[in-house]
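Working notes, structure below.
The values are calculated or read from the model by the stated rules, or taken from the named source; none is laboratory data. Because the structure is a prediction, the values reported are computed rather than measured. We place every Cβ from the backbone using ideal geometry, glycine too, and count neighbours over all the protein chains shown. Remember, those area values only see protein heavy atoms, side chains included, never the ligands or the DNA or RNA. Shrake-Rupley method; radii C 1.70, N 1.55, O 1.52, S 1.80 Å.
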Amino acid sequence: MARRAGADSYPARLQKSAHRARIALRKSGVDYFRGDGSDWIALAGLLLTVPAITCGTLLNAVWCAPAALVLPIVAGGLLLRPASLLGLYATAAAALIVESIALGPYSEGPARVTPGTVLVVAACGFFGLILAQFRARVGVPWRRGGTMLFDLRERIRVQSALPRLPEGWHREMALRPAGGQSFSGDFVVAARTNGGRTLEAVLTDVSGKGMDAGSRALLLSGAFGGLLGSLPPHGFLPAANAYLLRQDWDEGFATSIHLVLDLDSGDYELLSAGHPPALQLHSGSGQWEEKAAEGPLLGVYDGAQFDAVKGSLAPGDVLMLFTDGLVEAADRDIAEGIDRLTGEADRYVATGFDGAAWHLIEACAKDVNDDRALLLLCRRP
């Protein structure tokens, strides 16, 4: 009974109540940042700032102007849901009415509630409401939205990383999205298969560019990465084509080129789905050769056939795979672009191709408003 009395004492009950309040506050905060909780904490804080700003305006309207009410309105557009935001707007409107009555007609001095002040506050409220409705539709709080986009961009970058190659091989991958954006419709997936003796790499160009194609590229890169190595080489492009057809996108086609390279012998096969040809530099002759495989675009029709073209990389040879943004532009056709690319690449024959991929994009298609990607493989002499 003594223990029960101690447990029911006032300090014990107060401690339990404080613990429950702390847990509820923490859960509310976690739920809010996840996007599935109440925003009453932010709303309460912003509602308290409105009378504080109003009092400051009434005491000294020169230093705390009536237009300062846009501050909680802008913060509310970033933090609150649309329904809560309307309550904040009603409070701000009431504060403007109080300030206009207390300060008198705006014609009697500059520190008054003028029509311009009302328009500025209303405009900020309008744009804040649009932003809040967009966040509510997406379901991601503004703090987490940027983090999520950053995470998606990093996932694309990691998935485009090429595996390590054995001694005697050099590989590079350069990717430049359209318009300086962070997301690209071009991506690479690669893996070493057959006990590490074979390199399989797939360079894909999704229809569209930049942010428009970035979400589809992320989805396809994950799917293609799962297919690569799980199927025989000649089964990859048919499976990728069937996957795109199942998505039923309005703009759902893509071009792709699939390289299957034997790292011991240097022999390779190329399978293409409507992609620009690969380029091989023969070290013996110093000439570039186009390697064009036949095949339709991915996602156009079912039952497509993809025919392979074979080749071999001797010591000193170089193989380049690229997307059309690197060699095609409005003022030139693909043949001119390929000539320019090979001409720029010839400068690296004597010094080696280390670091050449990015510089080739800079030299051939720096200001092109399209996604550009270049995969370069070199067998060292």
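Do we have GLY196 as outside any helix (DSSP H, G or I) and out of contact with any helix residue (DSSP H, G or I) (no Cβ under 9 Å at 6 or more places or on another chain) here?
For GLY196, the condition - outside any helix (DSSP H, G or I) and out of contact with any helix residue (DSSP H, G or I) (no Cβ under 9 Å at 6 or more places or on another chain) - is met.
If we scan segment 56-76, do we find a residue that is surrounded by 17 or more Cβ atoms within 10 Å (Cβ to Cβ) and touching a Pro at 6+ places or on another chain (Cβ under 8 Å)?
Yes, segment 56-76 contains a residue that is surrounded by 17 or more Cβ atoms within 10 Å (Cβ to Cβ) and touching a Pro at 6+ places or on another chain (Cβ under 8 Å).
State whether the residues of segment 206-229 include one that is at pLDDT below 90 and part of a strand (DSSP E or B).
yes
Residues are listed down the side, and each one gets a yes or a no for (1) modelled with pLDDT under 90; (2) open to solvent by 60 Å² or more (accessible area, probe 1.4 Å); (3) among the basic types (Lys, Arg):
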| position | (1), (2), (3) |
| --- | --- |
| LYS291 | no, no, yes |
| TYR301 | yes, yes, no |
| GLN305 | no, yes, no |
| GLY316 | no, no, no |
| GLY343 | no, no, no |
| LYS366 | yes, yes, yes |
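Being of a type in the set (D, E, K, R) and out of contact with any Pro (no Cβ under 8 Å at 6 or more places or on another chain) is the filter here, so list the residues in segment 288-307 that pass it.
Those that are of a type in the set (D, E, K, R) and out of contact with any Pro (no Cβ under 8 Å at 6 or more places or on another chain): GLU289, GLU294, ASP302, ASP307.
Since ARG332 meets every condition but one in (1) over 19 Å from LEU374 (Cβ atoms); (2) surrounded by fewer than 17 Cβ atoms within 10 Å (Cβ to Cβ); (3) not acidic (Asp, Glu), which condition does it not meet?
Every listed condition holds for ARG332 apart from (1).
Assess whether ALA68 counts as being at pLDDT below 85 and among the aliphatic types (A, V, I, L, M).
Judged against the criteria, ALA68 is not a match.
Between a first residue in segment 234-263 that is under 18 Å from ARG197 (Cβ atoms) and a second residue that is open to solvent by less than 10 Å² (accessible area, probe 1.4 Å) and assigned to a loop (DSSP other than H, G, I, E, B), which pairs have beta carbons less than 8 Å apart while being 6 or more apart in sequence or on different chains?
Once the first residue is under 18 Å from ARG197 (Cβ atoms) and sits in segment 234-263, its partners that are open to solvent by less than 10 Å² (accessible area, probe 1.4 Å) and assigned to a loop (DSSP other than H, G, I, E, B) give LEU261/LEU313.
Those residues that are outside any loop (DSSP other than H, G, I, E, B), open to solvent by 40 Å² or more (accessible area, probe 1.4 Å) and of a type in the set (A, V, I, L, M), I need them from segment 345-364; list them, please.
none
ALA93: on the phi < 0 side of the Ramachandran plot, more than 36 Å from the chain's Cα centre (by Cα) and assigned to a helix (DSSP H, G or I), yes or no? Lay out the reasoning, then the answer.
Details: on the phi < 0 side of the Ramachandran plot: yes; more than 36 Å from the chain's Cα centre (by Cα): yes; assigned to a helix (DSSP H, G or I): yes.
Against the criterion (on the phi < 0 side of the Ramachandran plot, more than 36 Å from the chain's Cα centre (by Cα) and assigned to a helix (DSSP H, G or I)), ALA93 qualifies.
Condition first: assigned to a strand (DSSP E or B), within 20 Å of ARG372 (Cβ to Cβ) and touching a Ser or Thr at 6+ places or on another chain (Cβ under 8 Å). Now tell me which residues in segment 282-311 satisfy that.
The answer is TRP288, LEU298.
Filter segment 36-51 down to the residues that are in a helix (DSSP H, G or I) and surrounded by 14 or more Cβ atoms within 10 Å (Cβ to Cβ) and list them by number. Reasoning before the result, please.
Taking segment 36-51 as the starting set, the residues that turn out to be in a helix (DSSP H, G or I) are 40-51.
Hits for segment 36-51 are ILE41, ALA42, LEU43, LEU46, LEU47, THR49, VAL50.
Quick check on my filter: what residues within segment 230-271 are charged (D, E, K, R) and not in a strand (DSSP E or B)?
ARG246, ASP248, ASP250, GLU251, ASP264
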